[in-house]
Amino acid sequence: MTRVEKLKESRDSLSVKFLEFTRVTSKGKTPAFFEGEDEKYYSIRIDNIRPDIVWTGINCGGKENVLSMRSKIRQHETYKSRSCLFFIDSDFDENKELSGLYDLYITPCYSIENLYFTESAFARLLSAEFGINDACNEDSCFYACMEKYRDLKCQYLDAIKGFNYLVKEIRSIERSGSPTGRLNINNVSIDDLVGVELSGVLKKYNENSPRSIFPELPEDLQVSLNDSKEYFGGRCGEMWFRGKQNLEFYRIFLGRLKQDRCNKNGREIFKNKGNVKLQLTKANAISELSQYAETPQCLRDFLLSFQANSLAA
């Protein structure tokens, strides 16, 4: 697909979503615009924090589409004052020009997936799904699970940092206008990057050979990772490395833990066999694990300050 074709497809998609928006408003509901599957994270939080808001979600497919939709609505003579909610990920972007917009929420980390990845989220999941916590008769297993997670997460973050350096640098090259080919990072399998077992995390890639990870890159493309290393120097990988890879590591780790809990024979961590009903499919991880993820205070503040049917400019 050429760049012109991609732009036309984007415009066509925007028109479809705008029509969907007008249908939502005609029913007296508040439109809420999301990137991709992010509604699966936000839905329960909007309903819990602001049960008074009657809303309908609109999947715009990506960050730029959410922002384009906001711009189109806020410039529209009829709908510019219509009450709407817009949600985007921070990503590797500066977002300075977007911060402070009354109707736009930006994650305080790379993406919503990073909010699934914390130790407190893991502890909540252990209690609800594995039946263990720090006060039960299997408290030693709970502490062993927490220690194992800390250890493997640390190994994973060290193993995945080079991939994040590379992706950050390639995105910077793309923004500069240099050709990089049709790079779809979501097509990269976590299994090609790291191996995850309860015994440890194995790095499988070489960030200094970009085309071994992204063969579609031009052969003559020169990539230096120095700027990206500096960018991540003061940032926590748990919150600022790409959330999709972080969540995939977490999902695989939970799968290994589930196997250990349900094993009829020897177990590495758990003393007793148990039943864990988590499905842990890649396609449904955002939904299945949503209730255990973090809810940042800034999200609560954003929703509490929102005025349905507001005429704010």
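The values are calculated or read from the model by the stated rules, or taken from the named source; none is laboratory data. As the structure is a computational prediction, the values presented were derived from the model and not from experiment. Because the Cβ atoms are built from the backbone with ideal geometry, glycine has one as well, and the counts that use them run over all protein chains shown. Ligands, DNA and RNA are excluded from the accessible area calculation, which covers all protein heavy atoms including side chains. Shrake-Rupley method; radii C 1.70, N 1.55, O 1.52, S 1.80 Å.
Compactness of the chain is given as radius of gyration and Dmax, 21.5, 68 Å, from Cα positions. Are there trypsin sites (Lys or Arg not before Pro) in segment 78-157 that DSSP marks as loop and that have at most 15 other Cβ atoms within 10 Å, and which are they? Answer by residue number: Lys80, Lys96. The magnitude of the dipole of the chain, with charges of +1 and -1 set on the Cβ of Lys/Arg and Asp/Glu and taken from the Cα centre, is near 700 debye. The charge dipole of segment 32-131, taken about the Cα centre with unit charges on the Cβ atoms of Lys, Arg (+1) and Asp, Glu (-1), comes to about 420 debye, rounded to the nearest 20. Over all orientations, segment 1-155 has a Cα convex hull whose mean projected area works out to 13.0 square nanometres. Rolling a 1.4 Å probe across the protein heavy atoms gives segment 45-179 an accessible surface of 42 Å² per residue. Computed on the Cα atoms alone, the convex hull of segment 249-313 gives a volume of 153 cubic angstrom per residue.
Membrane-span-like helices in the chain, defined here as complete DSSP H runs extending at least 24 Å along the helix axis by their C-alpha atoms with mean Kyte-Doolittle hydropathy no lower than -0.5, are 139-175; this is a sequence and geometry rule, not a statement about a membrane. Roughly how many percent of the accessible protein surface of the chain is carbon and sulfur, given a 1.4 Å probe and a whole-percent answer? Carbon and sulfur: 46 percent of the exposed surface of the chain. Can you tell me how segment 172-313 classifies by the Cα gyration tensor, rounded, prolate or oblate, using a/c under 1.5 as the rounded cut? It is oblate, given that a/c is not under 1.5 and a/b is not larger than b/c. Solvent-accessible area of Val16, all protein chains in place: 90 Å² (probe radius 1.4 Å, heavy atoms, ligands and nucleic acids excluded). Taking a ≥ b ≥ c as the square roots of the eigenvalues of the Cα gyration tensor, an a/c ratio of 1.5 or more together with a/b no larger than b/c marks segment 79-180 as oblate.
Between Ser189, Ser176, Ser127, the GNM of the chain built on Cα springs shorter than 10 angstrom shows Ser176 fluctuating the most. In loop segments of segment 269-303 as defined by DSSP, the trypsin sites (Lys or Arg not before Pro) with at most 12 further C-beta atoms inside 10 Å of their C-beta are Lys271, Lys273, Lys277. Here, segment 48-103 is characterised by an Rg to Rh ratio of 0.97, where Rg is the alpha-carbon radius of gyration and Rh the Kirkwood radius. Could you pull the accessible area for Lys29 with a 1.4 Å probe, rounded to 10 Å²? Answer for Lys29: close to 80 Å² accessible. Along the chain, the exposed loop sites are GluC sites (Glu not before Pro) outside DSSP states H, G, I, E and B with at most 12 other Cβ atoms within 10 Å, and the longest stretch free of them is 98-215.
Of all the options Leu19, Leu278, Leu303, the one that moves most in a Gaussian network model of the chain with Cα springs shorter than 10 angstrom is Leu19.
Compute the Kirkwood hydrodynamic radius of segment 212-273, taking the inverse of the mean of 1/r over all pairs of distinct Cα atoms, and give it in Å to one decimal. Computed over segment 212-273, the radius equals 15.5 Å. Here the simple spin-label model places points 7 Å from the Cα toward Cβ, and for Cys136 and Gln307 these points are separated by 4.7 nm.
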